[in-house]
Amino acid sequence: MAAAKKDIRALNLEELQEFFVAQGDKAFRAKQVYQWLWNKGIHDFEGMTNLSKSTRALLEEHFIINHIAVDQQQRSEDGTIKNAVQLFDGRIVESVLIPVKDRTTACVSSQVGCSLDCRFCATAKLARMRNLNPDEIFDQVVAIDQQSKAYFDRPLSNIVFMGMGEPLMNYNNVLAAIEKITSPVALGMSPRRITLSTSGIPKLIKKMADDNVQFNLAVSLHAAIQSTRENIMPFAVKFPLDELLLSLQYWYEKTGKIVTFEYVVWKGINDDMEHIRALVNYCKKVPSKVNLIEYNAIGEEQFQQAAPQIIDQYIEYLTAAHITATVRRSRGKDIDAACGQLANKNQQNTT
Ligand code: SAH
């Protein structure tokens, strides 16, 4: 039986060069193929028109090109598009196109399901099935860029890793995907337009700083009081707020980038002065801004959006302490595409 063909996008440029040299061909072919794969986003060898027939046949013989397929698309009243994306093994993740004025943001997934247990998030209810490969993350970006051009007549402008999964639990593949998204010989997007959102894993935040990454960082804080945070995000018991703070201070020292705290205010959970003061104090210890996110109900009784006056109070106290606070309105709620609602609702994803 012939050996299983390898996914060509699992190879880096050097490995592709080695392949061609071993086949008695020129190393520069690798660059041509690489461009087709990562710059033009081609999904079949036939389409690589500057390669000879025999080279295309050679590639066909040794490799396959695994790629995603947009399985189902839902459009919200507000223009948001949710894609159910089928992976090569049949599993499904979701990614979202969010149009805002003259910009288009892609919200991409990094894992099938999630290994964390945030009690207010629908994705957390799905077990983590597997990590996405770099090309599966990359393909979501390309697909949304194409949709942005088709529906809004402009290319994709921003990327947020706020879809399904915890990106830092898939560290290597997420960074490899970002490398392809930003590399001038691939998509060439500016890393300043990319934001990675994490629930806050101190060791890996430090690692990103050491790896000299150029993209932005957001941390899902939701409470600056440890006991509250553990209550709503049980895994946080392993990552205390003090340790998180140290890692963020380290991040700022190394990268000079301000962290954004994502924060939802819930009735009876963090809607009092004690939590407001704790947040202000926490923010004072590291250069940061706060994004107050509207809660998207996922059917959990104990989580209810706090009263608007409380949100105003948060803003007032943060602003008084010279901390920028913005409110992020939900997008795509009517199609379950908003933050924390991605749960493959229309799909079977159980095996
Ligand atoms: N795992 C990463 C990225 C995915 S979640 C992280 O935790 O940051 C993206 C953002 O949506 C996070 O800030 C998360 O806390 C928030 N979120 C989760 N469920 C939500 C909900 N039901 N309503 C509003 N925001 C939610």
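The residues of segment 32-48 that are assigned to a helix (DSSP H, G or I) and touching a residue at least 24 places away in the same chain (Cβ under 8 Å), listed by number, are Val33, Tyr34, Gln35, Leu37, Trp38.
Just one residue in the set Tyr282, Tyr295 is modelled with pLDDT of 95 or more and either away from the ligand (no atom under 16 Å from the Cβ) or among the hydroxyl-bearing types (Ser, Thr, Tyr) (or both); that residue is Tyr282.
Identify the residue in segment 130-153 that is polar (S, T, N, Q) and surrounded by fewer than 23 Cβ atoms within 10 Å (Cβ to Cβ) and, among all such residues, is nearest to Val100 (Cα to Cα). Looking at the filtered set, the residue picked out is Ser148. Going through (1) under 21 Å from Val160 (Cβ atoms); (2) polar (S, T, N, Q); (3) at pLDDT below 95 one by one, Ser288 falls short only on (3).
For Trp266, the conditions (1) away from the ligand (no atom under 13 Å from the Cβ); (2) buried (at least 18 other Cβ atoms within 10 Å of the Cβ); (3) within 26 Å of the chain's Cα centre (by Cα) all hold with the exception of (1). Of Leu168, Leu196, Leu156, Leu245, all but one fail to be surrounded by 16 or more Cβ atoms within 10 Å (Cβ to Cβ) and more than 29 Å from Val85 (Cβ to Cβ); the exception is Leu245.
Residue count for segment 183-239 under the criterion of being more than 27 Å from Ile276 (Cα to Cα), assigned to a loop (DSSP other than H, G, I, E, B) and within 15 Å of the ligand (Cβ to nearest atom): the result is 1.
Whether any residue in segment 153-174 is away from the ligand (no atom under 13 Å from the Cβ), among the charged types (D, E, K, R) and over 22 Å from Ile8 (Cα atoms) is what I want to check. There is at least one residue in segment 153-174 that is away from the ligand (no atom under 13 Å from the Cβ), among the charged types (D, E, K, R) and over 22 Å from Ile8 (Cα atoms). For Gly24, state whether it is surrounded by fewer than 13 Cβ atoms within 10 Å (Cβ to Cβ), assigned to a loop (DSSP other than H, G, I, E, B) and out of contact with any Pro (no Cβ under 8 Å at 6 or more places or on another chain). Criteria met by Gly24. Anything in segment 321-346 that is outside any loop (DSSP other than H, G, I, E, B), of a type in the set (D, E, K, R) and buried (at least 16 other Cβ atoms within 10 Å of the Cβ)? List them, or say none. Selection gives Lys333 alone.
If you filter segment 3-21 down to residues that are assigned to a loop (DSSP other than H, G, I, E, B) and of a type in the set (A, V, I, L, M, F, W, C), you find that the one that is nearest to Ala176 (Cα to Cα) is Leu11. Candidates in segment 301-320 are the residues that are assigned to a loop (DSSP other than H, G, I, E, B) and either on the phi > 0 side of the Ramachandran plot or surrounded by 14 or more Cβ atoms within 10 Å (Cβ to Cβ) (or both); of these, the one that is nearest to the ligand (Cβ to nearest atom) is Phe303. Is it the case that some residue within segment 41-51 is at positive phi, loosely packed, with under 13 Cβ neighbours inside 10 Å and not assigned by TED's automatic domain parsing to the domain that holds Val93? So far as segment 41-51 goes, no, none of its residues is at positive phi, loosely packed, with under 13 Cβ neighbours inside 10 Å and not assigned by TED's automatic domain parsing to the domain that holds Val93. Of Ala127, Ala177, all but one fail to be crowded, with 21+ Cβ neighbours inside 10 Å and either out of contact with any strand residue (DSSP E or B) (no Cβ under 7 Å at 6 or more places or on another chain) or assigned by TED's automatic domain parsing to the domain that holds Leu342 (or both); the exception is Ala177. The residue that is nearest to the ligand (Cβ to nearest atom), among those in segment 70-114 that are within 16 Å of Leu126 (Cβ to Cβ) and of a type in the set (A, V, I, L, M, F, W, C), is Cys114. Count of segment 49-94 residues, restricted to those that are outside any strand (DSSP E or B) and under 24 Å from the mean Cα position of the chain (by Cα), is 14. With respect to Gly163, determine if the residue is part of a loop (DSSP other than H, G, I, E, B) and in contact with a Ser or Thr (Cβ under 6 Å, 6 or more places away or on another chain). In short, yes.
Tallying residues that are surrounded by fewer than 20 Cβ atoms within 10 Å (Cβ to Cβ) and not in a helix (DSSP H, G or I) within segment 248-259 yields 3.
The values are calculated or read from the model by the stated rules, or taken from the named source; none is laboratory data. Keep in mind that this is a model prediction, so the values were computed, not measured. Here the Cβ is made from the backbone with ideal geometry for all residues, glycine too, and neighbour counts use every protein chain on show.
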